[in-house]
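Participant: I have a structure I would like to understand better, so I am pasting it below and will then ask my questions one at a time.
The values are calculated or read from the model by the stated rules, or taken from the named source; none is laboratory data. Since the structure is predicted, the reported quantities are computational estimates derived from the model, not experimental observations. Cβ placement follows ideal geometry from the backbone for every residue including glycine, while neighbour counts extend to all protein chains displayed.
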Amino acid sequence: MIMDEKFWDDMHSGSGSGWSGNPNPVLVQQVADLKPGRALDIGCGQGDDARWLASKGWTVTASDISSVALARAAERAEGTGDITFVHADYVAEAPAAAAFDLVTLQYFAIPKANPAAARAIADAVAPGGTLLVVNHDVGADQEWNGIKPSDFFEPHGIAELLDESWTIEVDETRPRSTAPPAGAHHTHDTVLRARRLLRPTA
Ligand SMILES: C[S@@+](CC[C@H](N)C(=O)[O-])C[C@H]1O[C@@H](n2cnc3c(N)ncnc32)[C@H](O)[C@@H]1O
């Protein structure tokens, strides 16, 4: 199974596609104490996090590989703060370097075979800014739509790619704060929150 644009367009199509309309609880918890600035939401889906960030005063760039998701997100976001929607595949191409005070990835899959993509995404964080990566804590033997989650970076694996110009603030597995959607079994999330130092130590 290839998770290309068609795959994600199909996931986002139809009315029963399971998108809650609410921001992700870990994002809300982790961003509450940050000063609003420029945020990049990678794999924004139907824009629930982007709308919440904009409502809190962030200037949001919300990106997704799926045109269907972006069309829905733009429709839902009409009249909500400062959001620019961008059609991009940030596994294949790098986002602008050092351009954002917050880069958030909520349940976004980066293949372990492509650590350069993970590094480029981290590099989009400006000095002093925050990288937030959240995923489901899935067993290594589980599969989703024929895809093995163990082929993709967990937040902790991305933490291991960060050099001394970062402070790791959170790197943990924690119980989900909301019940999993119907059909899902994961009870825990994995969370990385890292801050890029203003002046890296030599
Ligand atoms: C599991 S969904 C999560 C959506 C949203 N972040 C949320 O938490 O509701 C993953 C999202 O990433 C998008 N996506 C998958 N691969 C992508 C890629 N290579 N580049 C950009 N977006 C991608 C999908 O279209 C989908 O919207």
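Participant: Residue by residue through the stretch 61-73, note down the ones that are assigned to a strand (DSSP E or B) and either out of contact with any helix residue (DSSP H, G or I) (no Cβ under 7 Å at 6 or more places or on another chain) or more than 22 Å from ALA92 (Cβ to Cβ) (or both).
Facilitator: Within the stretch 61-73, the first condition is being assigned to a strand (DSSP E or B), and the residues that meet it are 61-64.
Residues satisfying the conditions are THR61, SER63.
Participant: Can I ask one more? Given the structure, is VAL125 of a type outside the set (Asp, Glu) and either more than 23 Å from GLU172 (Cβ to Cβ) or within 13 Å of the ligand (Cβ to nearest atom) (or both)?
Facilitator: Values: of a type outside the set (Asp, Glu): yes; either more than 23 Å from GLU172 (Cβ to Cβ) or within 13 Å of the ligand (Cβ to nearest atom) (or both): no.
Taking the combined requirement at face value, the residue does not satisfy it.
Participant: Follow-up. Might you check whether a residue that is at pLDDT 95 or above, away from the ligand (no atom under 13 Å from the Cβ) and under 25 Å from HIS188 (Cα atoms) occurs anywhere in the stretch 89-109?
Facilitator: Checked against the condition, which is being at pLDDT 95 or above, away from the ligand (no atom under 13 Å from the Cβ) and under 25 Å from HIS188 (Cα atoms), the stretch 89-109 yields at least one hit.
Participant: Please pick out the residue among ASP189, ASP141, ASP123, ASP151 that is at pLDDT below 95 and within 19 Å of ASP41 (Cβ to Cβ). Before the answer, list the steps.
Facilitator: Details: ASP141 fails: within 19 Å of ASP41 (Cβ to Cβ); ASP123 fails: at pLDDT below 95; ASP151 fails: within 19 Å of ASP41 (Cβ to Cβ).
Exactly one of ASP189, ASP141, ASP123, ASP151 is at pLDDT below 95 and within 19 Å of ASP41 (Cβ to Cβ), namely ASP189.
Participant: Checking HIS12 against (1) more than 8 Å from the ligand (Cβ to nearest atom); (2) more than 13 Å from the chain's Cα centre (by Cα); (3) closer than 19 Å to ASP89 by Cα, which single condition isn't satisfied?
Facilitator: So HIS12 meets the others, but not (1).
Participant: For the stretch 94-194, give me every one of the strands (runs of 3 or more DSSP E) that falls completely inside it and has 2 or more residues that are closer than 26 Å to PHE7 by Cα.
Facilitator: Working: elements: 100-106, 125-136, 166-175.
Fully inside the stretch 94-194 and qualifying: 100-106, 125-136.
Participant: I've got another one for you. Tell me which residues, restricted to the stretch 19-29, are at pLDDT below 90 and near the ligand (Cβ under 9 Å from one of its atoms).
Facilitator: Initial filter on the stretch 19-29 (at pLDDT below 90): 19-21.
Correct list: TRP19, SER20.
Participant: With the requirement that a residue be under 16 Å from SER63 (Cβ atoms), touching an Asp or Glu at 6+ places or on another chain (Cβ under 8 Å) and part of a helix (DSSP H, G or I), what does the stretch 25-52 give you?
Facilitator: Passing the criteria: LEU27, ASP49, ALA50.
Participant: Next up: Go through the stretch 101-118 residue by residue and tally those that are of a type in the set (D, E, K, R) and either out of contact with any helix residue (DSSP H, G or I) (no Cβ under 9 Å at 6 or more places or on another chain) or surrounded by 15 or more Cβ atoms within 10 Å (Cβ to Cβ) (or both). Before you say what the answer is, go through the steps one by one.
Facilitator: Restricting attention to the stretch 101-118, the residues satisfying the condition of being of a type in the set (D, E, K, R) are 101, 112.
After this cut, where a residue has to be either out of contact with any helix residue (DSSP H, G or I) (no Cβ under 9 Å at 6 or more places or on another chain) or surrounded by 15 or more Cβ atoms within 10 Å (Cβ to Cβ) (or both) as well, the list is 101.
The qualifying residues number 1.
Participant: Show the residue pairs meeting these rules: Cβ distance below 6 Å; 6+ apart or different chains; first residue within the stretch 49-69 and in contact (Cβ under 8 Å) with a residue 60 or more places away in the chain and farther than 18 Å from ASP33 by Cβ; second residue assigned to a loop (DSSP other than H, G, I, E, B) and more than 9 Å from the ligand (Cβ to nearest atom).
Facilitator: VAL68/SER13
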